[in-house]
Amino acid sequence: ELPGFYYDSEKNRYFRLLPGHNNYNPLTKESIQYKEMECKRLSLLEEEEKEKKKTTRTGLNSSMLLQKRQLGLLSATSFCRLVHELKVNCMQRRKIEIHSPDSSVAGTNNFKIIVADVACERIFTVNDVQHGGCKYGIINLSGLGKESLSVEMYDNLYVTIRKVLKKSLISLTPFGKLCLMGIAETPGCASLLPASLFSSTNPGDRPGMLCSFKISTAWSCAWCLNPQADNCFSTGLTRRVLVTNVVTGHRQTFGTSSDVLAQQFATQTPMLYNGCRSGEIFSIDVRQRNRKGQSWKAIRLFHDSAVTSIRLLKAEHNLMAADMAGKIKLWDLRTAKCVKQYKGHHNEYAVLPVHVNEEEGLLTAVGQDCYTRIWSLQDAHLLRTIPSPHPSSKDAIPSVVFSSRLGGSRGVPGLLMAVKQDLYHFSYN
């Protein structure tokens, strides 16, 4: 790079960056970089439409996998994992038709967040509204098994918030309930809503909010699925963690040295894992009482940047963590050491989630550059990079859901991607 110049690769020469008239300069580093990224995105989209994707591993194909499986050289687990790798590289994008009982709102509002329930039968959505703020909705995925892709979307017009929710401020609870965070005003609130609010039944029969707690400066939330501490949820606040029992209303506060941006409860033990702005990850045993001068942090891990997402693996011996430097690390909780690092993720300052699918052996994350990347969980190999169908921008970062059973136990495998007002399905070929 030469100071005051930029290089045009098409014309193979340098051009001077002149100061603009009235302090306006059409040629800036940001605009040139955006133009290059847009050209790269369009070329990748064109390549994906022209030819089928090939596997990133040399020599990996379906006939070779079947032969090794028949000879007993591959276990059932390894065979299924490699088959998913092949299928992921062959996924093709198709646009989904969104139907709604209220036809005036179907497909007109931008998606901000989509989160799937445990069975992947429905996805919870947060959409922009025209008069400002956001609204909640639920999409039924039962129509994905048909040749013509269509889904049913039910809006809840009774609960709206003024500001956009962060991705980390939504936690799905069992029995179809939703644990939400609204930061419309100060203090904010944590709300527990029944999923029946979004059904197409008579509006007069809809139940109200299950419970709501006033909580200020909230950054994250998590619902506890452990039987020893059920009916509890946690909120990550500024320099403290607040654990609340929704039945009794009892609250327990744990002071921290930094803002808590990500949280998740363990299911086998009553432990709460927290990721902080300082880069620290620590765990709390929610059964203990917090006393002054008492050390209550059980496990402590450290990143070099703010931790934006944490995911416990099924056996709960490992924890996946992503930070604002774009690093995704797999930690062994027994030795407190990083065992794998997944390279290629892009992040600078956004709170972006990571999605772990252990059964399929895949890790999925959307970067701030609007590219969706899929890695192999086993060896951290980058399997595929999917460009966004829309031009990249801060307000057009895709939100994704991946499952081998979208729509329930007999559902179709693939990736759901919400960008702007559109919903796409990347189906297995």
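The values are calculated or read from the model by the stated rules, or taken from the named source; none is laboratory data. Computed from a prediction, not measured in an experiment: that's the story for all the values here. FYI the Cβ positions are ideal-geometry reconstructions off the backbone, even for glycines, and counts take in every protein chain you see. These accessible areas exclude ligands, DNA and RNA; they are computed on the full protein's heavy atoms, side chains included. Shrake-Rupley method; radii C 1.70, N 1.55, O 1.52, S 1.80 Å.
When nucleic acids and ligands are ignored and a 1.4 Å probe is applied, Ser150 ends up with an accessible area of around 30 Å². The listed residues Lys11, Lys112, Lys314, Lys87, once ranked by accessible area (1.4 Å probe) with the largest placed first, stand as Lys314, Lys11, Lys87, Lys112. Backbone geometry of the stretch 222-233 corresponds, through the Karplus equation with coefficients 6.51, -1.76 and 1.60 at θ = phi - 60°, to 3J(HN,Hα) couplings of 7, 9, 8, 9, 7, x, 6, 9, 6, 6, 10, 9 Hz, x marking Gly and Pro. Neighbours of Arg373, meaning other residues whose beta-carbon lies under 12 angstrom from its beta-carbon, give a summed charge of +1 when Lys and Arg score +1 and Asp and Glu score -1.
Please report the net charge: other residues with Cβ closer than 13 Å to the Cβ of Asp395, K and R +1, D and E -1.
Local net charge: +2.
Within the assembled protein chains, the solvent-accessible surface assigned to Tyr154 is about 50 Å², based on a 1.4 Å probe.
Cross-link pairs exceeding 30 Å between alpha carbons, from the set Lys35/Lys327; Lys135/Lys214; Lys40/Lys135; Lys95/Lys340: Lys40/Lys135; Lys95/Lys340. Per-residue SASA remark: Met417, around 0 Å² accessible (1.4 Å probe; ligands, DNA and RNA not included). Going by accessible surface with a 1.4 Å probe and the largest first, Lys35, Lys327 read Lys35, Lys327.
Inverting the pair-averaged 1/r between distinct Cα atoms of the stretch 277-429 gives 16.9 Å as its Kirkwood hydrodynamic radius.
Per residue, what accessible area does the stretch 230-349 have, given a 1.4 Å probe and all protein chains present, in Å²?
On the way: 5420 Å² over 120 residues.
Here the per-residue accessible area is 45 Å².
When Thr335, Thr256 are compared by accessible area of protein heavy atoms, the largest-first order is Thr335, Thr256, using a 1.4 Å probe.
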